[in-house]
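Have a look at the structure below before the remarks.
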Amino acid sequence: MWTPLRQPAFRGLWASGGVFFLGSAMHTMAVSWLMVQITHSSFLAALVQTAAFLPMFLLSLPGGVLADTADRRALILGSLWAYAAAAALLTLLAAFGRAGPATLLLFCFLMGACTALLLPPWNSAVGDTIPRGELAQAITMISIAYNGARAVGPALAGLVFAALGASAVFAVAVASSLLMAQAILRWPPAAHPKGKLPPERMWGGMLAGLRFVRHSPTIVAQLVRTVAFSATGSALWALLPMIAARRLGLGAAGFGLLMGCLGGGAVAAGFFVAPLRARLGLDRLANICCVVFALVTAVAAASHSRPFVYAALLAGGAAWMAMLSTLNAATQTSAPMWVRARATALHTLAALGSFAIGSALWGAISGIAGLPVTLGLAAGAMIASVLLAPSFPLRIGAESEITPATPWMDLFVAIEPEPEAGPVAVEIAYRIQPADAASFLDAAELLRVPRQRAGATFWRIYRDLGDPTRYLERFIVTSWADYLRQRGRATVADQALEAEVRAFQAEGVPVAMQHYIAER
């Protein structure tokens, strides 16, 4: 697990990221507790989580597109400096007693927006510092840093809050973001390789990422399971301030300790999640995590014993980390390089977007039904999410599914169009013996997914009514540039499917490819 730390760039970026996560965790805890002190409202306390994580829902995918296409160094530094400026202004407002409920929610949202734009390029930059074979270990290390911050941060924030007030905690968030910016300046991410094609535009890049995920059953399954787990598990996180204040009679330091137990359990899980994943498999481990977290939520709903709740939260933090790190690793290792930042962004969107919406929903329910009933409903929903496993199984992507392949054929076009010209229609003609027709069609149908996943908006197989041995594969791509990108996105696994289809080609007859451009 420790092998990624041998790389100086990974070590530096990982350590600075841990410091940033620490400042962010301290900030969120201070805002949550300050909201409880000001309003005594469970709904407004839960809205702090919504304000902090809703920007992930709104901006993660645009951030992923920018991470795949723009200058990652400038994007990361700009996000960090904006985060530091917002945190500094909130520090001043809190110091002069001008931080009311609306102000707290607004600045949580602004700083969450900066984080949403920061994480996709930062994740991809960290991933570039190590070989792919160490990516799963690196993700576990990042999860340890993140959850270690959530363990230490709230407890430390509680002590600072009690001694110096909220403004001192917010000042730590400023310092942590500036320290991370220094690390990026020292170990800047490598520039994207320059190609002949213009970079993807924002809207087109978002559609390409969504199209890839839509036609990738492996990633769809991972995102569905992420949404289910995060949305139901958000109840415990969002209502923890009210559990501390109302049910356990704790102050700021005690609430920080509750958060620290969740984070401490998550850190501990980082040391044994990989062996458990190898022994149990992804689905069985995921189901166990759901059951454990549901039981922890039920304990928080029913128990007034502080030691019992502390112990339960340690187990809950371990289950939370094991589940989300497994889902994150599965997503990142299943996406090719050209779309990895967007796939990671969609995982973030699924996890934190559902967390933000779930926090608001559970907060509203608790205002009507009370804490015990709300937490009991959340525990039941978490148990029910296990039923998704048969329909949405989890797996790690194979090496062949992300390794780029060389296209089968040259373009052979008389005059190459402008990059933005289109749409482009591509036709591939096959000559198939009647005895092989049914098997050929079964194999050819498997080409639908890789063609559409890489950029085709339409795909179909046709039979020539004048010649029953002639079949035509036809697909349409939005522009000539998108078609060239599609050719470059083909993987070794995609090419293996094409080889199976071409194996049915009549002997001695070459496969013929034609390209057509729409006339205006």
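A few remarks follow.
- F458 falls short on exactly one of the conditions (1) open to solvent by 40 Å² or more (accessible area, probe 1.4 Å); (2) touching a residue at least 24 places away in the same chain (Cβ under 8 Å); (3) touching a strand residue (DSSP E or B) at 6+ places or on another chain (Cβ under 7 Å), and that condition is (2).
- Put simply, of S143, S177 the only residue that is modelled with pLDDT of 90 or more and either within 30 Å of L314 (Cβ to Cβ) or surrounded by fewer than 23 Cβ atoms within 10 Å (Cβ to Cβ) (or both) is S177.
- V449 being crowded, with 16+ Cβ neighbours inside 10 Å, among the hydrophobic types (A, V, I, L, M, F, W, C) and over 25 Å from A221 (Cα atoms): no
- Scanning segment 305-320 for residues that are in contact with a Leu (Cβ under 8 Å, 6 or more places away or on another chain), open to solvent by less than 30 Å² (accessible area, probe 1.4 Å) and within 15 Å of A266 (Cα to Cα) yields a total of 5.
- Residue within segment 294-306 that is over 26 Å from V48 (Cα atoms) and in contact (Cβ under 8 Å) with a residue 60 or more places away in the chain present: no
- Among residues of segment 427-453 that are closer than 23 Å to A405 by Cβ, those with a beta-carbon under 6 Å from a residue that is open to solvent by 60 Å² or more (accessible area, probe 1.4 Å) at least six positions away or on a different chain give the pairs E427/R474; E427/Q514; A443/E500.
- Filter result (closer than 18 Å to A351 by Cα and either in a loop (DSSP other than H, G, I, E, B) or touching a Ser or Thr at 6+ places or on another chain (Cβ under 7 Å) (or both)) within segment 286-323: A286, C290, M321
- Residue within segment 79-87 that is open to solvent by 20 Å² or more (accessible area, probe 1.4 Å) and modelled with pLDDT under 80 present: no
- Residue identified as part of a helix (DSSP H, G or I), small (G, A, S) and at pLDDT 85 or above among G367, G358: G358
- Every test in (1) loosely packed, with under 14 Cβ neighbours inside 10 Å; (2) in contact with a strand residue (DSSP E or B) (Cβ under 6 Å, 6 or more places away or on another chain); (3) at pLDDT 85 or above is passed by V413 save one, and that test is (3).
- Boolean, C290 is closer than 30 Å to G158 by Cα and under 23 Å from the mean Cα position of the chain (by Cα): yes
- Segment 21-46, subset among the small types (G, A, S) and more than 15 Å from G100 (Cα to Cα), residue modelled with the lowest pLDDT: S42
- Some residue of segment 253-266 being within 22 Å of the chain's Cα centre (by Cα) and under 24 Å from A221 (Cα atoms): yes
- Per the listing A70, A25, the residue uniquely surrounded by fewer than 24 Cβ atoms within 10 Å (Cβ to Cβ) and not aromatic (F, W, Y) is A70.
- Segment 488-504: number of residues that are assigned to a loop (DSSP other than H, G, I, E, B) and buried (at least 18 other Cβ atoms within 10 Å of the Cβ): 2
- Residue satisfying all of: in segment 202-258; of a type outside the set (A, V, I, L, M, F, W, C) and not in a helix (DSSP H, G or I); most open to solvent (accessible area, probe 1.4 Å) among these: G249
- Residues within segment 211-251 that are modelled with pLDDT under 85 and farther than 30 Å from T39 by Cα, tallied: 0
- Candidate set: segment 505-520, residues that are open to solvent by less than 50 Å² (accessible area, probe 1.4 Å) and touching a strand residue (DSSP E or B) at 6+ places or on another chain (Cβ under 7 Å); chosen: the one farthest from G205 (Cα to Cα): A506
- A163 being farther than 30 Å from R72 by Cβ, open to solvent by 40 Å² or more (accessible area, probe 1.4 Å) and free of Cβ contacts under 8 Å to residues at least 12 places away in the same chain: yes
- Top-ranked residue in segment 321-363 [being aromatic (F, W, Y) and surrounded by 24 or more Cβ atoms within 10 Å (Cβ to Cβ); ranked as nearest to G376 (Cα to Cα)]: W362
The values are calculated or read from the model by the stated rules, or taken from the named source; none is laboratory data. None of the values given here were measured: they were computed from a predicted structure. Heads up, the Cβs are rebuilt from the backbone with ideal geometry, glycines too, and the neighbour counts pull from every protein chain shown. Side chains are part of the model used for accessible areas, which takes the heavy atoms of the whole protein and leaves out ligands, DNA and RNA. Shrake-Rupley method; radii C 1.70, N 1.55, O 1.52, S 1.80 Å.
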